[in-house]
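Report on the structure given below.
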Ligand SMILES: Nc1ncnc2c1ncn2[C@@H]1O[C@H](COP(=O)(O)OP(=O)(O)OP(=O)(O)O)[C@@H](O)[C@H]1O
């Protein structure tokens, strides 16, 4: 093996958050031959020191496969190298749309579908459903991102076990990736026990940044965990994400269904296209294989009927779902055969099959 061949093998290693190859990102130096083996430099950007190990492990594995000793050294990128990487990422993040710069995922003609998950009130499992559907779409081979817009009750980083904060390369924010899913949340910027007491304009600004300056790339699906009800944040999002297709999450309980209906009608007033209803905590299957309707029956169906929307899924109560959410191991990946996971996979298929909503309000733009 010559140095060029080894370089081309090592260059195929994928950077864990940017999800592009080291060669494309120019993050490894030429391989050099040295006494008894080879040496290569891995260039790190300011916050990715912690990623050195997983990348280096993969490079070592490749070298071992070819039976060549390899020394890997980390080197911090120079300012000029960071600038170059930033411009590479900016090209893939922003696109000119007339006078405006818009994030590629919001540009007209972008292939990204934006799926919003809303609920009338907290605690019905909206975040769990967002993670479940996003995980199922990822397992079906799509590129997926989750935007945690539930700014006061953020839970996505915990549910996905995402512990690394986003890195900043120049102006571009790199969303941490877990289970192949890009994630962005206010939770990355505040300590877990700190209540978010930002005022409207600050939240507006944070969301604007999450949508404009984040390197989402042209993902297939952006799943948005909306705050419960229809407050300020949802209003802002409706402006920023004119392509958002909303799914209403409810429980079988009558009361939850009525609150969900109010919020769905408000969403309709905001002209957020509603695409379907998902009923969560629909039943519990006991060890005796029987279904127990713990929270009653029929809430999802009756909400769907009153809103003239399809009921696209009924998700059972499953202890493993709650446990997976608590430790950052989503059930769709942890137990793909469970009834809940099978249902999430089915819902993902239904969403795929229904295709994007045909709306684009060109007058609504960021900046
Ligand atoms: N189908 C389910 N089976 C078991 N536990 C569930 C299920 N759905 C949600 N849970 C659990 O219920 C709790 C609330 O869920 P979640 O955080 O997803 O709700 P939410 O509607 O997003 O709430 P909030 O808006 O308050 O953040 C979590 O502990 C979650 O693990």
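Bear in mind these aren't lab numbers, they're just calculated from the coordinates by the rules spelled out. Small disclaimer: the values here were computed from a predicted structure and weren't measured. Don't worry about glycine lacking a Cβ; one is built from the backbone with ideal geometry, like all the others, and counts go over all protein chains shown.
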Taking the beta-carbon count within 10 Å as an exposure proxy, list 83, 297 from fewest neighbours to most. 83, 297
Among DSSP beta bridges whose residues both lie in region 139-183, state the antiparallel percentage, nearest 5. 60
Directionally averaged shadow of the chain, computed from the convex hull of its alpha-carbon atoms, nm²: 20.6
Helix axis angle, 339-354 relative to the chain longest principal axis, alpha carbon, degrees: 90
Once the Cα atoms of helix 52-65 and of the chain are each reduced to a long axis, what angle between those two axes, in degrees from 0 to 90 to the nearest 10, is obtained? 60
Could you order peptides 148-158, 240-250 by the average number of other Cβ atoms within 10 Å of their residues, highest first? 240-250, 148-158
Over what distance in Å are the Cα centres of region 1-63 and region 205-247 separated? 35
Of all DSSP beta bridges located in region 103-354, what percent are antiparallel, nearest 5? 20
Percent relative contact order of region 208-367, based on C-alpha pairs within less than 8 angstrom and at least six residues apart? 22
Can you tell me the 0 to 90 degree angle between the C-alpha axis of helix 254-269 and the longest principal axis of the chain, rounded to 10? 70
Distance cut-off 19 Å, percentage of C-alpha pairs in region 3-77 lying past it: 25
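With runs of 4+ DSSP H residues as the only contributors, calculate the mean residue ellipticity of the chain at 222 nm using -39,500 (n - 2.57) per run, divided by the residue total and rounded to the nearest 500.
Using -39500 (n - 2.57) per qualifying helix, the result is -11000 deg cm²/dmol.
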Can you give the relative contact order of region 3-77 as a percent, counting alpha carbon pairs under 8 Å and 6+ residues apart? 31
Over region 3-77, what is the percentage of antiparallel beta bridges among all DSSP beta bridges, to the nearest 5? 40
